[in-house]
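Laboratory data are not the source of any read-out in this text; all were calculated from the coordinates shown. Keep in mind that what you see is a predicted model, and the values were worked out from it rather than measured. Backbone-built Cβ (ideal geometry, glycine too); neighbour counts: all protein chains shown.
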Amino acid sequence: MRKIVTLSLALALCCSLAACSGEPVQPGEGNQEPSGNDGEAFTLSVSSQDTESSTTSVYTKWLCDQLTQASGGRLQFRYYWGGTLASAAQALDTCQSGTVDMIWVPTSGVTGRFKLTEVTTLPCLGIENTMHGTAALYEMYQNHSYISDEFSDYKLLTMHFADAGPLSTTNVKLSDGSDMKGLRLRAPTKPLQQFVEAMGGSAMSFGGPETYENLSKNVADGCFNDWNLLNVFNTFEVIDYALDYTVNWAMGYIFMSPSTYESLPADLQAIVDEVANDESNWLEASKMIYENQENLVSNAISAGVEIYEPTPELIEDFETAAQQATDAWIQSMEAEGLDAATCVADFKEIVDRLAPEYAE
């Protein structure tokens, strides 16, 4: 019998799923003990805040296809895009509770959960492209237990760097650091907020899907949203300028519910583990994103966005503010007993060592 592994769904959520998919979802079928039947098949729910057409969703489906193929079709997936099951802020909790079997979630949805892993969110790291960042992240995860231990209570499948986050603004074109003074900018991570404040701006925290409305209503003056996020929510329509300089990078995570994983037979668990530990599966996300970025930039230009180069003065001001933000992050982490200085040094060493391989 084919089982639906949408674990521990409440009746109201089940009705919502049925309405979204057109297929009935029966409550109470999940969290069953594995039967040991090697031919048993499982259908897992997958949730993402992004639209189905976004690069991150294409990658999420690609990874699920790898699991389907490796399992001989015994692992199947039902997709819920656009936050229909959970917002980014809710996604990890719904996955941990077993309400949803798998999620893709951006950095902004897990802020504060994986503290040292947030070294990847520090500004001006010198990362060449998404593949460079993901390769460095994979090495950190594999070789430094202070990173992998942060995920010990979670079933992490992949982490990946996403698009660069250009500083996009509605009315102001930056020439030097003084032009950022007083600007209200969406900054989704603490280090980026510290960077904005060091530049004299006002950091704002709201969800990526809310950016369009906040910019169009003059609640905010700009954002550090990555290219994919700008495109998914049509934000190109309400921005005038995008700075062609990478201050920050977005990241994405794919998790499986621990209870879902435990409910699978041992042979399927082994397949999930093999797919999750394969570096090429982590890098595939970044490769897709990298190859699609030119299309996203073209979309921005078509919408009338001016993409411009930074002046040497602006880069110098950025680097000064980035160091201040990094120092503040290290201090805040060390106040919690975490050796953030070593983490930064280790990550920068890997980034610098891998840079020639990914130089453009």
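So here's what we get for this one:
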| item | result |
| --- | --- |
| Filter pass, Glu319 being assigned to a helix (DSSP H, G or I) and either without any contact (Cβ under 8 Å) to a residue 24 or more places away in the chain or within 18 Å of Gln66 (Cα to Cα) (or both) | no |
| Residue match in the range 276-288 (condition: over 29 Å from Ser145 (Cβ atoms) and part of a helix (DSSP H, G or I)) | yes |
| Search result, residues across the range 302-316 that are acidic (Asp, Glu) and closer than 22 Å to Asp240 by Cα | Glu306, Glu309, Glu313 |
| The range 218-254: number of residues that are free of Cβ contacts under 8 Å to residues at least 40 places away in the same chain and farther than 16 Å from Leu183 by Cβ | 2 |
| Whichever residue in the range 289-314 is among the β-branched types (Val, Ile, Thr) and in a helix (DSSP H, G or I) and, among such residues, is farthest from Glu360 (Cα to Cα) | Ile301 |
| Any hit, the range 331-348, residues being among the hydrophobic types (A, V, I, L, M, F, W, C), part of a helix (DSSP H, G or I) and within 25 Å of Asp240 (Cα to Cα) | no |
| Those residues of the range 200-217 which are in contact (Cβ under 8 Å) with a residue 24 or more places away in the chain, among the small types (Gly, Ala, Ser) and not in a loop (DSSP other than H, G, I, E, B), in sequence order | Gly208 |
| Members of the range 262-292 found to be over 20 Å from Thr121 (Cβ atoms), hydroxyl-bearing (Ser, Thr, Tyr) and buried (at least 21 other Cβ atoms within 10 Å of the Cβ), listed by number | Ser263 |
